[in-house]
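Right, one structure below, let's go through it.
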Amino acid sequence: MKHHFWPVVILIIFALIGVKALFHAGWYTSHDGEHQLVRQYVFDRAVKAGHIPPRVDRQLLNGLGYPLFTFTYQMPFIIGEPLRWMGVATQDTVKLVFVLAYIASGLTMYAFAQELWGKKAGLLAGGLYLWAPYRFSVMFVRASLGEHVALAFVPLVLWSLNYKFLTRKRVVAGALSFAGLVLSHVMATQIFLPVIILSGTSQLIRAKNKLLLATRYMLMAILALGLASYYLLPALIHRADVQGLNRHFYAEHFVTLKQLVYSPWGYTFSQVGTANDGMSFQVGLAQWLVIGVALVALAVNFEFIAAALILSFLVAMGMMLDASSGIWNSLVKNYWVVDIPWRFLAVAIFASAALAGFVITRLKSVVRITVVVGLVILAVYNNRNYLRVNKYIDYPDSQLAAYRGTSNSYDEYQSVFVSQALLKRQNLPEAEVVSGSADITVNRSAPDQLLVTVQAQTETQVQLNTIYFPGWTLTVDGQSQNIKSVLSDGVPRVKLGPGNYLIGLIYRQTPAMVVGNMISLMTIGVLLILWLKHPKLS
């Protein structure tokens, strides 16, 4: 580790300069910033209530309940949770996760590139990965926390594929990093999967024992999917139980090649078409220069991994242009979840940064120094005005505690049972009398359960205002009820005679969730066994 001390220090300093805007007090305006704060707060609320892993929250969707973490990525909030337990405010927690993931991404890119081409190559690759316009757009314009964290795992996944160093512990690291990528952002996982496959293929071509290496890759993938099963399996099984997961906007958000070379910086949104876009889609001047030099270097001195990276860059460029609309039309019919073409900028800035490491190893020492200095200066100059947020605001936990939205722009995870009439009601109580005469006392109100005492003076109907989603169970005086048979407008409505009753609405993990949890736990056991066995896989 001591041999990497100064490159690591330099990259950390470079990263801290890039995120200096996040050390300001409070929060900042951005596309998804409020959503990230809400998700971290709701995740913490669920964990502290014992609802682990978090699946639903009754307060969301106007108090009707929402299966947020059945579908939303979880890794950024898992990372942030220890900070919340230490008493760090939610807005500071999320900013720290942004900072930590940003630093980590530079270091993981360094690890990947230096193992292939040396420390200087790793240092340059890490620096260009940090200082690309899209990275600052992700942080300061969009506040896309999941995608941001995913970018720290991608280099680690590719690092784990190196056929020269594939020990048992490297297989474990690869499984953990790939699972981390999946749990950080499924869209980013889909976008980078071809890059991972191309990189692995380039390693297989060079390996002597191709069957053994392929087996190790397969083991790594199986373990990664096993780890992520607690999230992936329910998300896939319960897609049919929500309304908005089939939205696609790709046809409205292709960009032009001109925009990829240069487009003005802005803090508003990608609009339909290209004429009124309020944000930038530029790849970066230094990044474009790297691609140009890499094409020449590859023609002179071919290398499989570099070729895979250049191909990844070119495919990413194509996928953002209108010419690829036919491909998009086919993909969206087959579990393709990526919604907007310009998300492929993530692949472009990854590939160009890694290729910077390849480029400098193909240059003579005098030219190499000139190119390195030139690329660093160009990257700093290109991004000098992008290191700031639009506007600072304060978003205290007290405001988050009262939040009753969904943290999704289109409420995509609404249960298919949702009632529009109930959604329109303001200040909806947790439970109410809809006919007859009764007094209701709320005994416990938690993200995953509601316990109420009902003192009915007459024949009464009590409505529990939580929209049904698979997993919700109903009990009256401890006796299980068929919750689906008593639904009215999507919520349970219980008929009671005169008397006192204890009604419970409790969320239980569905069979898909239970199976997913078990697979993940068993996978953790397998990973521990592999980690503790020190010798190389052979």
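The values are calculated or read from the model by the stated rules, or taken from the named source; none is laboratory data. The model shown is predicted, which means the values in this text are computed figures rather than measured ones. Counting neighbours? That spans all protein chains shown, and the Cβs are built from the backbone with ideal geometry, glycine included.
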Open item on the list: I need the full set of residues from region 130-145 which are within 13 Å of S105 (Cβ to Cβ) and either outside the structural domain of L285 (by TED's automatic domain parsing) or basic (K, R) (or both), in order please.
Closed with: R135
Open item on the list: Looking at I369, I349, can you tell me which residue is in a helix (DSSP H, G or I), of a type in the set (V, I, T) and under 27 Å from F153 (Cα atoms)?
Closed with: I349
Task: Inter-residue pairs, beta-carbon under 9 Å, first in the same structural domain as L156 (by TED's automatic domain parsing) and in region 224-240, second of a type in the set (K, R), 6+ apart - done: P234/R55
Task: Residue that is surrounded by the fewest Cβ atoms within 10 Å (Cβ to Cβ), among those in region 143-181 that are under 21 Å from T70 (Cβ atoms) and touching a Leu at 6+ places or on another chain (Cβ under 7 Å) - done: A179
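So that you can scan it fast, the table gives a plain yes or no per residue for (1) under 30 Å from L219 (Cα atoms); (2) charged (D, E, K, R):
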site	(1), (2)
V462	no, no
D489	no, yes
G516	yes, no
I529	yes, no
TODO: Working only within region 258-276, note down all residues that are among the aromatic types (F, W, Y) and in contact (Cβ under 8 Å) with a residue 60 or more places away in the chain.
DONE: W265, Y267, F269
Task: region 362-408: number of residues that are in contact (Cβ under 8 Å) with a residue 24 or more places away in the chain and polar (S, T, N, Q) - done: 7
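Being among the acidic types (D, E) and loosely packed, with under 15 Cβ neighbours inside 10 Å: is that true of E252 here? Steps first, please.
Values: among the acidic types (D, E): yes; loosely packed, with under 15 Cβ neighbours inside 10 Å: yes.
Yes; evaluated as a whole, the condition is true for this residue.
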TODO: For region 427-438, state whether one or more residues are farther than 14 Å from G63 by Cα, assigned to a strand (DSSP E or B), among the hydrophobic types (A, V, I, L, M, F, W, C) and in contact (Cβ under 8 Å) with a residue 60 or more places away in the chain.
DONE: no
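Quick check on region 319-342. Is at least one of its residues closer than 17 Å to L124 by Cα, surrounded by 16 or more Cβ atoms within 10 Å (Cβ to Cβ) and not small (G, A, S)? Steps first, please.
Keep residues of region 319-342 that are closer than 17 Å to L124 by Cα, which gives none.
No, region 319-342 contains no residue that is closer than 17 Å to L124 by Cα, surrounded by 16 or more Cβ atoms within 10 Å (Cβ to Cβ) and not small (G, A, S).
Picking from A101, A132, A113, A89, which residue would you name as being closer than 30 Å to H238 by Cβ and either touching a helix residue (DSSP H, G or I) at 6+ places or on another chain (Cβ under 9 Å) or surrounded by fewer than 22 Cβ atoms within 10 Å (Cβ to Cβ) (or both)?
Values: A132 fails: closer than 30 Å to H238 by Cβ; A113 fails: closer than 30 Å to H238 by Cβ; A89 fails: closer than 30 Å to H238 by Cβ.
After applying the criteria, what remains is A101.
Of the residues that sit in region 1-47 and are of a type in the set (D, E) and in a helix (DSSP H, G or I), which one is surrounded by the fewest Cβ atoms within 10 Å (Cβ to Cβ)?
Of region 1-47, the ones of a type in the set (D, E) are 32, 34, 44.
Next, from what is left, pick out any that are in a helix (DSSP H, G or I): 34, 44.
On the way: E34: 19, D44: 21.
Per the criteria, the residue is E34.
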- [ ] Look at region 258-275 and say how many of its residues are of a type in the set (A, V, I, L, M, F, W, C), more than 30 Å from R368 (Cβ to Cβ) and at pLDDT 95 or above.
- [x] 1
- [ ] Confirm whether T523 is in a loop (DSSP other than H, G, I, E, B), touching a Ser or Thr at 6+ places or on another chain (Cβ under 8 Å) and not charged (D, E, K, R).
- [x] no
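If you go through region 410-421 one residue at a time, do you hit one that is surrounded by fewer than 12 Cβ atoms within 10 Å (Cβ to Cβ), under 32 Å from the mean Cα position of the chain (by Cα), modelled with pLDDT under 95 and in a loop (DSSP other than H, G, I, E, B)?
Our first condition is that a residue be surrounded by fewer than 12 Cβ atoms within 10 Å (Cβ to Cβ); within region 410-421, this holds for 410, 420-421.
Subsequent filtering for residues that are under 32 Å from the mean Cα position of the chain (by Cα) retains 410, 420.
Of the ones still in play, those that are also modelled with pLDDT under 95 are 410, 420.
Remaining after also requiring in a loop (DSSP other than H, G, I, E, B): 410.
Yes: region 410-421 contains one or more residues that are surrounded by fewer than 12 Cβ atoms within 10 Å (Cβ to Cβ), under 32 Å from the mean Cα position of the chain (by Cα), modelled with pLDDT under 95 and in a loop (DSSP other than H, G, I, E, B).
Taking the residues in region 69-82 that are of a type in the set (A, V, I, L, M, F, W, C) and crowded, with 24+ Cβ neighbours inside 10 Å as candidates, determine which candidate is nearest to P234 (Cα to Cα).
Here is the first cut: in region 69-82, the ones of a type in the set (A, V, I, L, M, F, W, C) are 69, 71, 75, 77-79.
Applying the additional criterion that residues be crowded, with 24+ Cβ neighbours inside 10 Å yields 69, 75, 77.
Working: F69: 10, M75: 16, F77: 19 Å.
If we take residues in region 69-82 being of a type in the set (A, V, I, L, M, F, W, C) and crowded, with 24+ Cβ neighbours inside 10 Å, then F69 is nearest to P234 (Cα to Cα).
Here are some residues: I52, I78. Which one is under 27 Å from S229 (Cα atoms), of a type in the set (A, V, I, L, M, F, W, C) and under 16 Å from the mean Cα position of the chain (by Cα)? Break it down into steps so the answer makes sense when it comes.
On the way: I52 fails: under 16 Å from the mean Cα position of the chain (by Cα).
Going through I52, I78 in turn, the sole match is I78.
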Open item on the list: Quick check on region 241-257: of everything there that is polar (S, T, N, Q) and in contact (Cβ under 8 Å) with a residue 40 or more places away in the chain, which residue is farthest from F269 (Cα to Cα)?
Closed with: Q243
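Can you name every residue in region 384-403 that is aliphatic (A, V, I, L, M), outside any helix (DSSP H, G or I) and under 23 Å from the mean Cα position of the chain (by Cα)? First the steps, then the outcome.
In the first step, residues of region 384-403 are kept if they are aliphatic (A, V, I, L, M); the result is 387, 389, 393, 400-402.
Applying the additional criterion that residues be outside any helix (DSSP H, G or I) yields 387, 389, 393, 402.
Matches in region 384-403: L387, V389.
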TODO: Examine region 349-360 for a residue that is surrounded by 24 or more Cβ atoms within 10 Å (Cβ to Cβ) and either under 26 Å from G273 (Cβ atoms) or in contact with a strand residue (DSSP E or B) (Cβ under 8 Å, 6 or more places away or on another chain) (or both), and state whether such a residue exists.
DONE: yes
- [ ] Report yes if some residue within region 188-210 is touching a Leu at 6+ places or on another chain (Cβ under 8 Å), more than 20 Å from L232 (Cβ to Cβ) and free of Cβ contacts under 8 Å to residues at least 12 places away in the same chain; otherwise report no.
- [x] yes
- [ ] For L521, work out the one condition from (1) in the same structural domain as L428 (by TED's automatic domain parsing); (2) out of contact with any Leu (no Cβ under 9 Å at 6 or more places or on another chain) it doesn't fulfil.
- [x] (1)
Task: Failed criterion for G278 (all others in (1) more than 19 Å from G374 (Cα to Cα); (2) in a helix (DSSP H, G or I) hold) - done: (2)
Open item on the list: Can you report the number of residues in region 214-240 which are in contact with a helix residue (DSSP H, G or I) (Cβ under 7 Å, 6 or more places away or on another chain) and farther than 17 Å from T189 by Cα?
Closed with: 6
Open item on the list: Residues that are outside the structural domain of V242 (by TED's automatic domain parsing) and touching a strand residue (DSSP E or B) at 6+ places or on another chain (Cβ under 8 Å): does region 84-97 have at least one?
Closed with: no
